[in-house]
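Enquirer: I have a structure I would like to understand better, so I am pasting it below and will then ask my questions one at a time.
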Amino acid sequence: MRPVLLLIAAVAVVAACGDPTPRGRPDSVRAVAAAPVPPAVPRPPVSIDTVGSALLELWPLGVDRSRQADEMRRLVEHLQADLSLVPGFAWAAVLASGDGSSLLLSVAWRDSAAAGRGDTMLAGWLRLPSDTALRRRQDGTLTPRVLLRRTTGATPQFREGAMLLFTRYVMKPGHSFGALATLADSNIAMRVLQDTAAQGGALLVAADSGALYMLLQARNATALDPGFGLPTTSLPFWAPFATREEQLMAVVAIITPR
């Protein structure tokens, strides 16, 4: 009986003095497992503003529906690897439409010289047509630079996951840009006032007055209706002056300087 008791006591002492951690897990693995995971740092939102410190550009892009994800990935890689290193680059935001047919790139620069350096690279990455007459017919403008004409409600912001309704009006030859812009001023005010799903909106004009852009900030992913407020019996206000396209878009990436 005594030998048995001595053996039990020896086993207990060895167990108490040994490594209490599970076998087969090295100290380095245990340390990694125990280390706290740092929280992800969200990117700050960027406001749609051309009055303050930045020059703002909009680059609307039509894409093949089956290639939208690939084109978006390719564009983000270029922006992150190259454009973020250009002196004077402020930020960029990439938006994608829900139907897969469109991308929208917004880029902000600190000065005109920086925009000139970056725009040459962007035009190549975006594979824009070399025929300027064709581009003007399609886009209404040859310049991506825009000026903020009006804000209504909360100023729209590009933040990851944000939903915005993007409308582009392309001027018809020989028609009054001033008349279209004045009517659009009233339209954006009425839409924000009447559609409770809209937090606010911004009206931007191309620097050469060839196109007009409206951005409405949605409160949630399914809030804004592209057909909201459209007339049922008469022509819409833009019909005599411009062609129009409208897409609900989500911010899929924000790029800041490195």
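Enquirer: What whole-number volume per residue, in cubic angstrom, does the convex hull of the C-alpha atoms of region 46-255 give?
Expert: Values: hull volume 24.7 nm³, N = 210.
Cα convex hull per residue, to the nearest whole number: 118 Å³.
Enquirer: Given the peptides 55-65, 201-211, arrange them by the average over their residues of other C-beta atoms within 10 Å, most packed first.
Expert: For the peptides 55-65, 201-211, the packing ranking is 201-211, 55-65.
Enquirer: Hey, with R₀ at 30 Å, roughly what FRET efficiency would Asp208 and Ser66 work out to, going by the Cβ-Cβ distance, to 0.05?
Expert: Here the calculated transfer efficiency is 0.35.
Enquirer: Put +1 on the Cβ of every Lys and Arg and -1 on every Asp and Glu Cβ in region 46-255; which of Leu126, Thr151, Leu164 then has its Cα farthest towards the positive end of the dipole?
Expert: Ranked along the dipole, the leading option is Thr151.
Enquirer: For every other residue with a beta carbon closer than 12 angstrom to the beta carbon of Glu71, add +1 if it is Lys or Arg and -1 if Asp or Glu, then tell me the sum.
Expert: On the way: positive: Arg65, Arg67, Arg73, Arg74, Arg127; negative: Asp64, Asp70, Glu77.
It works out to a net charge of +2.
Enquirer: Now, a different point. Rg to Rh for region 173-220: what is it, with Cα atoms only and Rh by Kirkwood?
Expert: On the way: Rg = 12.1 Å, Rh = 11.6 Å.
Ratio of gyration radius to Kirkwood radius for region 173-220: 1.05.
Enquirer: Between Ser176 and Leu134, what is 0.36 nm times their sequence separation minus the Cα-Cα distance? Round to one decimal in nm.
Expert: Gain on stretching Ser176 to Leu134: 13.0 nm.
Enquirer: Let me ask something else about it. Mind listing the phi-derived Karplus ³J(HN,Hα) values for region 178-194, rounded to whole Hz, using 6.51, -1.76 and 1.60 with θ = phi - 60°, and x for any glycine or proline?
Expert: My calculation for region 178-194 gives x, 5, 4, 5, 5, 5, 5, 4, 5, 5, 5, 5, 5, 5, 5, 5, 8 Hz in order.
Enquirer: Using θ = phi - 60° and the Karplus curve 6.51 cos²θ - 1.76 cosθ + 1.60, what whole-Hz ³J(HN,Hα) does each residue of region 91-97 get, with Gly and Pro shown as x?
Expert: 3J(HN,Hα) across region 91-97, in whole Hz: 5, 9, 10, 10, 10, 10, 7.
Enquirer: Using packing as a proxy for protection, rank 70-83, 87-100 so that the peptide with the highest average count of other Cβ atoms within 10 Å comes first.
Expert: Most protected by this proxy first, the peptides run 87-100, 70-83.
Enquirer: May I ask you to derive the FRET efficiency for Arg159 and Arg258 from their Cβ-Cβ distance with R0 = 22 Å, giving the value to the nearest 0.05? Each step should come with its number before you reach the end.
Expert: Working: r = 20 Å, r/R0 = 0.89.
Using R0 = 22 Å, I get an efficiency of 0.65.
Enquirer: Any chance you could run the full-extension gain for Ala239 through Arg219? It's 0.36 nm times the residue separation minus the Cα-Cα distance, nm to one decimal.
Expert: Length difference between fully extended and current span is 4.3 nm.
Enquirer: Going by average Cβ neighbours within 10 Å, how do the peptides 172-182, 151-161 rank, with the highest at the top?
Expert: Top to bottom by mean Cβ count within 10 Å: 151-161, 172-182.
Enquirer: Magnitude of the Cβ-charge dipole of region 75-209, K/R +1 and D/E -1, about the Cα centre, nearest 20 debye?
Expert: It comes to approximately 320 debye.
Laboratory data are not the source of any read-out in this text; all were calculated from the coordinates shown. This is a predicted model, so every value here is computed, not measured. Neighbour counts are summed over all protein chains in view; Cβ atoms, including those assigned to glycine, are modelled from backbone coordinates with ideal geometry.
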